[in-house]
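Here the structure is laid out as C-alpha cells; the discussion comes afterwards.
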Amino acid sequence: MHEHSFIQAIISEIDNKDDVLGIYVEVGELVGITASHLKEHLVEETGWEVDVCQKDALVECCCGHKGEPKIRERLHDMVIFECSRCGLVPDVTEGKDIKILKVKYK
C-alpha cells in the first residue's frame, strides 16, 4: 500500500497536527499517485479538509525537446514516460514531487 507512505510523509512534515483544519497540496503528474487518490487517502487518515491540485510535468531531453512528456503507462505506484519527440527517457524539470503549499490552523 504505497499510498500510506505518501500520506505519512505529508503528515510528518506538518507541525501542530492537532490544530490543523486543512491543507492544500500539489501533486506532480509523474508521482505514483493521482491527485484524487491522494486526497481520498489523506482525508481518510486525518479528517482534515484537503485540497489537492495536479502539477503538470515538464521534461528536458538530450534531443532538445523541452515540454510535456509522453506518458506510456500509469501503474498503481509509478508512471512510465518518455520524451514525446524521440522516445528516450528525459530529465524531469517539473511534476515529480508532492508539495505542501498551505496549512490552515484553528
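The values are calculated or read from the model by the stated rules, or taken from the named source; none is laboratory data. Since we're looking at a predicted model, the values are computed, not measured. Every residue, glycine as well, gets a Cβ built from its backbone with ideal geometry; the counts of neighbours run over all protein chains shown.
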- Task: Scan (1) more than 21 Å from Arg85 (Cβ to Cβ); (2) loosely packed, with under 14 Cβ neighbours inside 10 Å for the single condition Thr34 breaks and write down its number.
- Result: (2)
- Task: State whether one or more residues within the stretch 38-61 are of a type in the set (Lys, Arg) and under 12 Å from Lys99 (Cα atoms).
- Result: yes
- Query: From the residues in the stretch 67-103 that are aliphatic (A, V, I, L, M) and in a loop (DSSP other than H, G, I, E, B), which one is nearest to Ile33 (Cα to Cα)?
  - Reply: Met78
- Applying the selection to the stretch 86-106, what residues are over 21 Å from Ser5 (Cβ atoms), surrounded by fewer than 16 Cβ atoms within 10 Å (Cβ to Cβ), in contact with a strand residue (DSSP E or B) (Cβ under 8 Å, 6 or more places away or on another chain) and touching a residue at least 24 places away in the same chain (Cβ under 8 Å)? Leu88, Asp91, Thr93, Glu94, Lys102, Lys104, Tyr105, Lys106
- Message: Return the residues of the stretch 34-52 that are assigned to a helix (DSSP H, G or I) and hydrophobic (A, V, I, L, M, F, W, C); say none if nothing qualifies.
- Response: Ala35, Leu38, Leu42, Val43
- Query: Do the conditions hold for Ile71, that is, is it without any contact (Cβ under 8 Å) to a residue 60 or more places away in the chain and closer than 13 Å to Val31 by Cα?
  - Reply: yes
- Task: Among residues belonging to the stretch 53-66 that are assigned to a strand (DSSP E or B) and under 18 Å from the mean Cα position of the chain (by Cα), point out the one that is farthest from Asp19 (Cα to Cα).
- Result: Val59
- Query: Considering Glu73, Glu49, which residue is within 30 Å of Gly22 (Cα to Cα), surrounded by fewer than 13 Cβ atoms within 10 Å (Cβ to Cβ), more than 15 Å from the chain's Cα centre (by Cα) and of a type outside the set (A, V, I, L, M, F, W, C)?
  - Reply: Glu49
- Message: Which of the numbered conditions does Val43 fail, given that it passes all the others? Conditions: (1) surrounded by fewer than 17 Cβ atoms within 10 Å (Cβ to Cβ); (2) over 23 Å from Tyr105 (Cα atoms).
- Response: (2)
- Query: Identify, please: which residue in the stretch 1-21 is in contact with a Lys or Arg (Cβ under 8 Å, 6 or more places away or on another chain) and exposed (fewer than 15 other Cβ atoms within 10 Å of the Cβ) and is, among those, farthest from Gly95 (Cα to Cα)?
  - Reply: Asp19
- Query: So which residues in the stretch 1-30 are closer than 22 Å to Val79 by Cβ and assigned to a loop (DSSP other than H, G, I, E, B), if there are any at all?
  - Reply: Met1, Glu29, Leu30
- Item | Residue among Ile98, Ile33 that is in contact with a Phe, Trp or Tyr (Cβ under 8 Å, 6 or more places away or on another chain) and at pLDDT below 95 | Ile33
